[in-house]
Amino acid sequence: MATAALTATAKHANAARSSLSRTAAAAATAGRRNIMMAMAADDEDIPGLPDPMTLASMTTLKSSGTVSSSKVGSLNVVTEDGSSSSSVLFTLKNAGGSAAELSGEGGAAAVNAYLTFKSSSSASTIKTLRDMHNSGAQPYPMLPSKAGRTSAQFGYTCAPEYTADLVANLAMDCAYTKWDVQDAVNYAHVAASTALACPANVCEENIYVAAYGDASAMSNSVYCSSAISRDAVANFREREYYGAAAADAVLVATGVADHDAFVAAVTAAFGAKEGTAAAGAVQGEHEYRGGESRVPVEGASRTYLRLAFAAPYCALVQDIIVATLQAQGVDAFAQDGVLGVSGDATVAATPELVDALVAALAAPITAESAATGKLLAKASALMALEGTSSTSLAQSLTTGAVLGTEAYTPQDLAAAYDDIAVETVVAEAAKMKESVLAVSAVGGGLAAVPYHPTLAAMFK
């Protein structure tokens, strides 16, 4: 694995330089405490309330209805019957993300996020959206779909009686009409301009350049900020949305009273295709290498910093380590194979920011701190499952299906976290720090951010 510092590529650096100089300083510095710490304080118990940290008390949580699951080929179909409204989410587990873009397809994932529910071989964009709106349906979220680095998701919300009738819209082909593609490109450009005006987003993008190297598809931007051809957009969608890899997907629907009828509608719409490993770049070699990406911006008033290592394989262990770090009062993240801490500070306070993030990430995770992190992670997951909307429930059920835990009830979800031994968390956290440090720094105070060799030595 390479330890040499990597410089940020022009695709991220130019956006950062043009935006940081006009971004207002509004974020708290790295010393803030996490409000979740109150949940772990032994001396702040409220008499008469059940212990929220035991599996026994978790059984008192409200039921989210009966959850059923079936396989339609390689497509995992999960429904829930307790919601008064319906949210339908289709998730491409390992396809459709920017890491699957091949040469000449830069930005295709972001553009295709705006091509769902558009003109097909059987209906125009106007007819498709009009029929959905006449049924009270709303594409999810307000825009039709979203694409990340390794996956994509799209769907809709509607009254339960229309759920099965509208599911065929998720399986429609795309006609790639000139106006639809151009609209999608324009939307993607606006989204990129808005996102990259935030230096925190630039810093997040560049942690993948540092972690994987700018030659890796994992460093492909999730945004589309440059020109892209209609053919590139179409080739990407045909391969990633309609190819064999797309069959390995998850379809979740809440508010479905008749699971079997919904599965029949899904089968009629999608068929029973068997998925295979993706042929695109997402399944290629994405070796974590570690390194550095620095984007100095002259005159900027703040510094943004991320420090990370290669994340453990188990997503639940990742959640627990993140919660353990957050309990120290720092922002922590785990996504797309990297796990670490982040923060920002004024230029003058940059040395303190570096010290705080290094101290938090370098501190050994003990059995005691892992136990606290485990409780906090479990509580956070349960609150997400017990969200107030059918969409939040659909997202939580999707997480269970994608991860393969099938933890669709509060009891099952709590048990999944309980099954993770604190010794496993301690061991995985220590192993994680044996990888090469990844550093992403953006802003005006980079003179106070040590270079990669110095920072990496602080973790030895």
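The values are calculated or read from the model by the stated rules, or taken from the named source; none is laboratory data. This one's a predicted model, so the numbers in the text were calculated from it and none came from an experiment. Reconstructed Cβ throughout: ideal geometry from the backbone, glycine too, with neighbour counts over all protein chains shown. We work out accessible area using only protein heavy atoms, side chains counted, and drop any ligands, DNA or RNA first. Shrake-Rupley method; radii C 1.70, N 1.55, O 1.52, S 1.80 Å.
Some values worked out for this structure:
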| quantity | calculated |
| --- | --- |
| Residue in segment 362-375 that is buried (at least 24 other Cβ atoms within 10 Å of the Cβ), of a type in the set (D, E, K, R) and farther than 23 Å from Ala197 by Cβ present | yes |
| In segment 142-199, the residues that are under 22 Å from Ala99 (Cα atoms), of a type in the set (A, V, I, L, M) and touching a Lys or Arg at 6+ places or on another chain (Cβ under 9 Å) | Ala152, Val181, Ala184, Val185 |
| Among (1) at pLDDT below 95; (2) of a type outside the set (Phe, Trp, Tyr); (3) within 30 Å of Val297 (Cβ to Cβ); (4) crowded, with 19+ Cβ neighbours inside 10 Å, the one test that Leu143 misses | (4) |
| Test: Ala430 is open to solvent by 20 Å² or more (accessible area, probe 1.4 Å), at pLDDT 95 or above and part of a helix (DSSP H, G or I) | yes |
| Segment 387-415, subset in a loop (DSSP other than H, G, I, E, B) and of a type outside the set (Phe, Trp, Tyr), residue least open to solvent (accessible area, probe 1.4 Å) | Ala407 |
| Out of Ala100, Ala110, sole residue that is open to solvent by 10 Å² or more (accessible area, probe 1.4 Å) and within 24 Å of Asn186 (Cβ to Cβ) | Ala110 |
| Hey, Val78 within 20 Å of Ala264 (Cβ to Cβ), among the β-branched types (Val, Ile, Thr) and crowded, with 22+ Cβ neighbours inside 10 Å or not | yes |
| Which numbered condition Ala175 misses (of (1) of a type outside the set (Asp, Glu); (2) surrounded by 17 or more Cβ atoms within 10 Å (Cβ to Cβ); (3) within 20 Å of the chain's Cα centre (by Cα)) | (3) |
| Residue match in segment 416-427 (condition: closer than 24 Å to Val202 by Cα and either without any contact (Cβ under 8 Å) to a residue 24 or more places away in the chain or surrounded by fewer than 17 Cβ atoms within 10 Å (Cβ to Cβ) (or both)) | no |
| Residues located in segment 432-450, provided they are polar (S, T, N, Q) and farther than 16 Å from Gln318 by Cβ | Ser440 |
| Criterion violated by Asp214 - all others in (1) modelled with pLDDT under 95; (2) under 30 Å from Ala265 (Cβ atoms) satisfied | (2) |
| Hits in segment 105-141 - residues which are out of contact with any Asp or Glu (no Cβ under 9 Å at 6 or more places or on another chain), within 22 Å of Ala152 (Cα to Cα) and of a type in the set (Gly, Ala, Ser) | Gly106, Ala110, Ala113 |
| Condition check for Ala278: open to solvent by 10 Å² or more (accessible area, probe 1.4 Å), under 19 Å from Val222 (Cα atoms), under 22 Å from the mean Cα position of the chain (by Cα) and modelled with pLDDT under 90 | yes |
| Residue count for segment 179-195, restricted to those that are more than 23 Å from Ser120 (Cα to Cα) and of a type in the set (A, V, I, L, M) | 4 |
| Any hit, segment 76-93, residues being assigned to a loop (DSSP other than H, G, I, E, B), in contact (Cβ under 8 Å) with a residue 60 or more places away in the chain and out of contact with any Gly (no Cβ under 8 Å at 6 or more places or on another chain) | yes |
| Some residue of segment 404-420 being in contact with a strand residue (DSSP E or B) (Cβ under 6 Å, 6 or more places away or on another chain) and modelled with pLDDT under 95 | yes |
| Hey, Val317 within 20 Å of Val436 (Cα to Cα) and open to solvent by less than 20 Å² (accessible area, probe 1.4 Å) or not | yes |
| Flag if Pro364 is touching a residue at least 40 places away in the same chain (Cβ under 8 Å) and not in a loop (DSSP other than H, G, I, E, B) | no |
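Residue-by-condition table, conditions (1) closer than 23 Å to Lys431 by Cβ; (2) over 16 Å from the mean Cα position of the chain (by Cα); (3) among the β-branched types (Val, Ile, Thr):
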| residue | (1), (2), (3) |
| --- | --- |
| Phe309 | yes, yes, no |
| Ala315 | yes, no, no |
| Asp319 | yes, no, no |
| Thr324 | yes, yes, yes |
| Ala367 | yes, yes, no |
| Lys374 | yes, yes, no |
